Amino acid sequence: MLDYLRDPAEITRRSFEIIAAEADLALLPDDMAPVAARIVHACGMPDVVPDLAYSSGKPEAGRAALAAGGALICDVRMVASGVMTSRFPAGNPVHVAVEQAGAADLAARSGQTRTAAGLELLADWFGGSVVVIGNAPTALFRLLELVAAGAAKPALVLGFPVGFVGAAESKQALAANTLGLPFITLHGRRGGSAIAAAAVNALILGAAGP
């Protein structure tokens, strides 16, 4: 038999103990520390903490939106699959942009990606929602364009697109937005569906928990 820790509760406890020791969570406001801890837990990289950017008081805004039954809008299915939707407080609707009926046709007609087109089709759901982007920079750029054009502002935008083309730029645009759009993001190329889902789970569970 190999010698390794088997107890799931102890694995979780020990994981967050290590994160607290290795990630400089003291850099963050109290309400951001649980979000940062879950992001570090998802990616295994304590050094992401200094690259987090956020508008003041926004984890609580996201929690309040979910508690009020607000929709969760995801760019791709991988993000939605990682969210602990069974813990949602109000049976919140979950929408996946890339899967929207008509997204492929709109993308072909308008020359944009299917995730961006799907997000456009979901614009009527923005008000009071939590929008989470874990894959597609184009979806984040399109969200900013739609709000600038008059779409309702989500309660919180979790912007974690990943990659080499547009990811860093879209997150910089989110952090610099003058639209009053509340956000949490991670500067640079790093991101992805696991990190994005972890950020949503932090709104539901906090830093610890199964």
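Bear in mind that the values in this text are calculations on the coordinates, not laboratory data. Since the structure is predicted, the reported quantities are computational estimates derived from the model, not experimental observations. Every residue, glycine as well, gets a Cβ built from its backbone with ideal geometry; the counts of neighbours run over all protein chains shown.
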Among the residues of segment 126-133, are any touching a Gly at 6+ places or on another chain (Cβ under 8 Å) and of a type outside the set (Val, Ile, Thr)? yes
Restricting segment 87-97 to residues that are among the aliphatic types (A, V, I, L, M) and surrounded by fewer than 22 Cβ atoms within 10 Å (Cβ to Cβ), the one farthest from Gly192 (Cα to Cα) turns out to be Ala90
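Taking the criterion of being in contact with a Pro (Cβ under 7 Å, 6 or more places away or on another chain) and either of a type in the set (A, V, I, L, M) or surrounded by fewer than 18 Cβ atoms within 10 Å (Cβ to Cβ) (or both), would at least one residue in segment 76-86 satisfy it? Give the derivation first.
Our first condition is that a residue be in contact with a Pro (Cβ under 7 Å, 6 or more places away or on another chain); within segment 76-86, this holds for none.
No - not one qualifying residue is present in segment 76-86.
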Selection count, segment 21-47, where residues are aliphatic (A, V, I, L, M), under 22 Å from Met78 (Cα atoms), out of contact with any Leu (no Cβ under 6 Å at 6 or more places or on another chain) and part of a helix (DSSP H, G or I): 5
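Mind telling me which of the residues Pro29, Pro34 ends up being within 25 Å of Pro161 (Cα to Cα) and within 17 Å of the chain's Cα centre (by Cα)? Don't jump to the end; show me each part of the working.
On the way: Pro29 fails: within 17 Å of the chain's Cα centre (by Cα).
Within the list Pro29, Pro34, the selection yields Pro34.
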Being within 16 Å of the chain's Cα centre (by Cα), on the phi < 0 side of the Ramachandran plot and surrounded by 14 or more Cβ atoms within 10 Å (Cβ to Cβ) narrows it down to one residue among Ala23, Ala67, Ala53; which is it? Ala53
Out of curiosity, is Gly44 more than 20 Å from Leu156 (Cα to Cα) and either aromatic (Phe, Trp, Tyr) or surrounded by fewer than 16 Cβ atoms within 10 Å (Cβ to Cβ) (or both)? yes
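Among the residues of segment 1-20, which ones are of a type in the set (Ser, Thr, Tyr) and surrounded by 13 or more Cβ atoms within 10 Å (Cβ to Cβ)?
Thr12, Ser15
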Looking at (1) more than 21 Å from Val162 (Cβ to Cβ); (2) in a helix (DSSP H, G or I), which is the one condition that is false for Pro89? (2)
Wholly within segment 105-200, helices (runs of 4 or more DSSP H) carrying at least 1 residues that are buried (at least 18 other Cβ atoms within 10 Å of the Cβ) and touching a residue at least 60 places away in the same chain (Cβ under 8 Å): 137-148, 167-175
Contact list please: Cβ distance under 8 Å, first residue in segment 1-25 and in contact (Cβ under 8 Å) with a residue 12 or more places away in the chain, second residue surrounded by fewer than 10 Cβ atoms within 10 Å (Cβ to Cβ), pairs at least six apart or on different chains. Pro8/Pro210; Ala9/Pro210; Thr12/Pro210
